[in-house]
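Right, one structure below, let's go through it.
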Amino acid sequence: MEPAEVEFLAEKELVTIVPNFSLDRIHLIGGDLGPFNPGLPVEVPVWLAINLKQRQKCRLIPPEWMDVGKLEEIRDQERKEDTFTPMPSPYYMELTKLLLNYASDNIPRADEIRTLVKDTWDTRMAKLRLSADSFVRQQEAHAKLDNLTLMEINSTGTFLTQALDHMYKLRTNLQPGEGSHSQEF
Amino acid sequence: MSEAYFPVGPGLGMEENFLSLDDILMSQEKLPGRAESALPRLAVLMGQGASSAESVPEGSKLEIPLWLAKGLHDSKRRIISVELPKIYKEAWRTVFSADANVVDLHKMGPYYYGFGSQLLNFENPENPEIAQTILQTFVARFRRIMDSSQNAYNEDTSALVARLDELERALFQVGQKGLNDFQCWEKGQASQITASSLVQNYGKRKLTEVDG
């Protein structure tokens, strides 16, 4: 899976906007949206919010976890624990990138938020690599990791599965099995 | 999905993958061996004589490529016997178990893992130890490959891959690709439309006139 595909899945998450136009309820295949009244906050999926923002038809309200204090807490907890802490949103990385790229004027202290999220990401990736290494080193049969987001899994997934494939094949060499198949003339 | 074709990977077990280019190159590596019986008129092929009428005398030492050794190996009709190359022998095995990270696997035969797995086809009392050593070497070197491939963005990686064998290099490429894809997405290049590399090559060829 490419990062762009993960971002596509992330765009289904809901976010609050304040529109400056009015529109009746619209009926889409995925569900209903609206009605839109100027000045009244409404919840829409991220793909629509970004589109409206680019056309200057709305103002984005950052999600309540996208705040410097909260993110600092999350980052510190991530650094303290050995396991993965639950993240405020399963798509925190993608939402941060999208909202900070298109709506940074609506989000206070955007640069600090970007740095904090990046720090948390780096810590989590380091933990992931550490646990992958101990998994391979001890040749465990299976492992369980909670609270991982799709983007993290996607970044290290291909490498890890290929390495484990190789390890499996080398391990089956240890058991000669039914013997090699040679042809007798 | 964005690749032009999917190459067939190496077999890496006791059987090779027939269609894999890596396996074909790997089976060209040579093994030391001995001729158990005289091989009539094959001296030129084995690199031992000058004219096509000479035969290889019994007991002479030969360097045989793996594909030939596998074909000629038969415990009943003793045509040739093979020995282990020195990196799979006891002395090197202790080096690998001490610290596998310092060994230059590219110099030792760029197909250490594949070739070692193929050697298990020939009956040899040391086979279990060889298999164990290959596995332990892979496990020990895994950490370094992972760290170096996931952290080297936009750098010259030739120093990092110089000591890896071909299997490890393929893994390194996969890790680099994951990293590059992520960084490229984060910079926003993933949503820019660029011409595909296949199409870019079309422009380089001149259109030939077709006579009606």
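Please verify whether A:Leu71 is farther than 20 Å from B:Gly188 by Cα and assigned to a helix (DSSP H, G or I), treating the condition exactly as stated. Considered against the rule, which asks whether it is farther than 20 Å from B:Gly188 by Cα and assigned to a helix (DSSP H, G or I), A:Leu71 comes out as yes.
Scanning segment A:68-83 for residues that are touching a residue at least 40 places away in the same chain (Cβ under 8 Å) and closer than 18 Å to A:Thr96 by Cβ returns A:Val68, A:Leu71, A:Glu72, A:Ile74, A:Arg75, A:Glu78.
Within segment A:127-138, the set of residues being more than 10 Å from chain B (Cβ to nearest Cβ) and either surrounded by fewer than 13 Cβ atoms within 10 Å (Cβ to Cβ) or among the small types (Gly, Ala, Ser) (or both) comprises just one member, A:Ser131. Give me the residue from segment A:97-147 that is of a type in the set (D, E, K, R) and under 14 Å from the mean Cα position of the chain (by Cα) and, out of that set, nearest to B:Gly188 (Cα to Cα). Once the filter is applied, the top-ranked residue is A:Lys97. Reported count of residues in segment A:98-125, each being in contact (Cβ under 8 Å) with a residue 12 or more places away in the chain and either aliphatic (A, V, I, L, M) or touching a His at 6+ places or on another chain (Cβ under 8 Å) (or both), is 9.
The rows are residues; the columns are (1) in a helix (DSSP H, G or I); (2) exposed (fewer than 13 other Cβ atoms within 10 Å of the Cβ).
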| residue | (1), (2) |
| --- | --- |
| B:Ala53 | no, yes |
| B:Gly59 | no, yes |
| B:Leu62 | no, no |
| B:Ala69 | yes, no |
| B:Asp74 | no, no |
| B:Leu84 | no, no |
| B:Ala91 | yes, yes |
| B:Val95 | yes, no |
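Of all positions in segment B:147-161, none carries a residue that is of a type in the set (A, V, I, L, M), within 14 Å of chain A (Cβ to nearest Cβ) and assigned to a helix (DSSP H, G or I). Against the test of being on the phi > 0 side of the Ramachandran plot, in contact (Cβ under 8 Å) with a residue 60 or more places away in the chain and either away from chain A (no Cβ under 13 Å) or out of contact with any Cys (no Cβ under 6 Å at 6 or more places or on another chain) (or both), the options B:Gly109, B:Gly114 yield a single qualifying residue, B:Gly109. Within segment B:124-143, can one find any residue that is hydrophobic (A, V, I, L, M, F, W, C), farther than 18 Å from A:Thr158 by Cα, away from chain A (no Cβ under 12 Å) and assigned to a helix (DSSP H, G or I)? No. Restricted to segment A:1-68, the set of strands (runs of 3 or more DSSP E) holding at least 2 residues that are under 17 Å from the mean Cα position of the chain (by Cα) comprises A:14-19.
Here B:Ala190 qualifies as in a helix (DSSP H, G or I) and either surrounded by fewer than 18 Cβ atoms within 10 Å (Cβ to Cβ) or at the interface with chain A (Cβ under 8 Å from one of its Cβ atoms) (or both).
Looking only at segment A:139-163, which residues are surrounded by fewer than 15 Cβ atoms within 10 Å (Cβ to Cβ), more than 9 Å from chain B (Cβ to nearest Cβ) and on the phi < 0 side of the Ramachandran plot? Passing the criteria: A:Glu140, A:Ala141, A:His142, A:Ala143, A:Lys144, A:Leu145, A:Asp146, A:Ile153, A:Thr161.
Coordinate-derived values only; no laboratory data. As the structure is a computational prediction, the values presented were derived from the model and not from experiment. Cβ sites come from the backbone with ideal geometry, for glycine too, and all protein chains shown count toward neighbours.
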